Each structure stands twice: as structure tokens, then as C-alpha cells.
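Undergrad: Would you mind keeping the following structure in view while I ask a few things?
Just so it is clear, none of the values below were taken in a lab; they were calculated from the coordinates. Computed from a predicted model, the values in this text were never measured in an experiment. Cβ atoms come from the backbone with ideal geometry, glycine included; neighbour counts cover every protein chain shown.
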Amino acid sequence: MTLTVVLCAHNEERHLREQLDAILGQSRPVDELVLLDDGSTDGTAEILERRGVRYSEPRGSALRDHDPAHSDPRGSEYLTPRRGVLVCNPAPSGPNRAYNQAVRYATSDWVYLAGAHDVLQPGALEAFARQASAHPEAVLIAGDLVDVACGWLPCAGFLTPADLCRRWQPADMHWINGNATFIKRTAWQGELPELAWLGDWWQYHTLALRRGLIYLPFPITQWRPLANSHSHGYQDAGRMASVARELARLLDDPENADIREAFLGTRLLDIPHAGSGVVRGMLAHPRGSEYLTPGLGLEDVDPVPDACFPDGNWR
């Protein structure tokens, strides 16, 4: 069983070193590290370059050597257990597109998407590896954040879709934390840029509602939500309206008929990040996803691109 850690960053030089040290200092080493600089204008690219191997876009036919501390004497085309890839984008594309791009370079069995300003906790990868080895059939392993424990089980174990639906009924329920979740690479479908901050949320919850997950009651990472970051986009009414309409459209899609009732029958659509019930109201209206709840104060909102805004925030 192998694991790729994927980290994308835009202007993250303030926190990046701490996260990279946390990733590379794990008791269970990373098999592969994919780093992507998304058009940074500070020292982010330089920090990442000291840790990775540069690829050109599209992929070149050969790899450069690793950082000397991790290089392999057999040459740059030998994929060592500490394989590293560095991709540098000339301009920002936004978090969803950046992670979609970076995951294409992963070759391991499992993938973990690390936040550049979070801090992976000691022993996190070792705890994950024990569960991945014990449950080879699993496609998702979801842990906790520091200070935010889901509490779904007293010890690690498998939760069926029905088990999860019951746990997503209470008002104080916890959803899957993307920052603390590992996904099997073959199950990766990609993040939808149209869903912005819900890109990973949608992928993980739809997969869990179809195939279940392993819950790991272990603090995987220290989540540091920064002001005006990607995850705070729901506080912008215009962006929230655009995301709500796309989420309603997806749930209206016949391809998602098997999970629509699960979403509607739980409180997943009632959290602020998912519109606090707005999507539920849209789906109950005869116009469905074409109807935008007047409570948002916007009847027609153009989609806002998931990219780097003029204020410098990476969204």
C-alpha cells in the first residue's frame, strides 16, 4: 500500500515550511510527494522547489534528480520511495483546478490532499496506513481535525452509507472533513470548480453515500482557516448563489438519483457552507435548480470563476 501526499499552494510562504516539515517528518514516510505552485508571487515556489522534482507541463519524458537528501544513485528516472514532483503554474487557476491538475501526477494507491497552511499531525500517516492495510476494500478513510472530532465511532471501523445517513441526522452532526480524508486514487473523480469550496465535499460525500468509508478517530491535521480563504467563499452571497445553483443541478441530475434522497434526508444541505437549506428549497420548487431562493436576495447571479481574485485571495 502506497500513499501520495498532494499539496497545492498560492502565496503560502508564511506557513508552508511548517506543513512541509510536518509531512516529511511523519513516522510513516510519504511514498510520493506532489507539490504544485499555482502562480505565486511570493517565495512559495522557491520553498517548494527545494522539496520536489520539476516536471514540465505537459509531462516531460524524464525526471530531474530529487533534492540531494532524497536522490537515488540509479538516476532520475528511477521512482524512489520518496519520489517528488514539482509543478509550477505561470498564473493561478484556483484550488479546485490546481488539485485536479496535481493529482494527475500521483501514482500511489492512495492520495491525501494537504492544505498548505494546515499542519499534518504526528503519527497521522501511520494511523492511516494501519487502516488502509486492514481494509483493502476501502476507498475512503476519514479522520478528525484537531479540536473537531466527528465522534462517529469509539474506535476505527467501517460505516455503511446507511450508518452515515443516521449520523448526519442530528443538528450538531459533523460532515466529512476534506482536510482529514484519504481517498483511493482509482476512486478519484476530481473536484468540480463550479462548486468552489464544496468541490472536495461533494466528491467525498457522494463517494461515501455509495460505498461507505472507514472512520478513523484520530486528529489528522490542524486546520487553520485564514480570513477570506477558499473555504470562506460561502459568506459572499453572489458566490453562494452560484454554488447553490450548481449543487441543486447536480442533485437534479438523473445520474445522482441514487444519492439525492440521502442528501435531502440528512442535514448535509443545511450547513452554512452548502447554503443553509437554500438548495433544499430550490429542489422543492417546480423550477428546480433553475430557481434561486429569494432569501438570498439575488434572482440571477452569474457564476463567479474559481480563481485568484484581485484582493489576492486564492479561491
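Undergrad: Can you tell me the order of 36-45, 242-251, 151-160 when each peptide is scored by its average per-residue count of other Cβ atoms within 10 angstrom, highest first?
TA: 242-251, 36-45, 151-160
Undergrad: What is the distance, in nm, between label points placed 7 Å from the Cα along the Cα-to-Cβ direction at residue 169 and at residue 235?
TA: 3.4 nm
Undergrad: Report the net charge of residues surrounding residue 142, where surrounding means a beta-carbon distance below 13 angstrom and charges are Lys +1, Arg +1, Asp -1, Glu -1.
TA: Local charge sum for residue 142: 0.
Undergrad: Order of 110, 202 from fewest to most other C-beta atoms within 10 Å?
TA: The fewest-first ordering by Cβ neighbours comes to 202, 110.
Undergrad: What's the ranking of 168-179, 272-283 by average number of surrounding C-beta atoms within 10 Å, highest first?
TA: Ranked by mean Cβ neighbours within 10 Å, highest first: 272-283, 168-179.
Undergrad: How large is ³J(HN,Hα), in whole Hz, for each residue of the stretch 41-46 in order, when computed from phi with the Karplus curve 6.51 cos²θ - 1.76 cosθ + 1.60 and θ = phi - 60°, using x for Gly and Pro?
TA: The phi angles translate into 10, 10, x, 4, 4, 5 Hz.
Undergrad: Count the net charge of all other residues whose Cβ sits under 11 Å from the Cβ of residue 207, scoring Lys and Arg as +1 and Asp and Glu as -1.
TA: Overall, the nearby charge balance is +2.
Undergrad: Please report the net charge: other residues with Cβ closer than 14 Å to the Cβ of residue 121, K and R +1, D and E -1.
TA: Here the count lands on -4.
Undergrad: Something else now. Rg (Å, one decimal) plus Dmax (Å, integer) for the alpha carbons of the stretch 3-222?
TA: 17.2, 56
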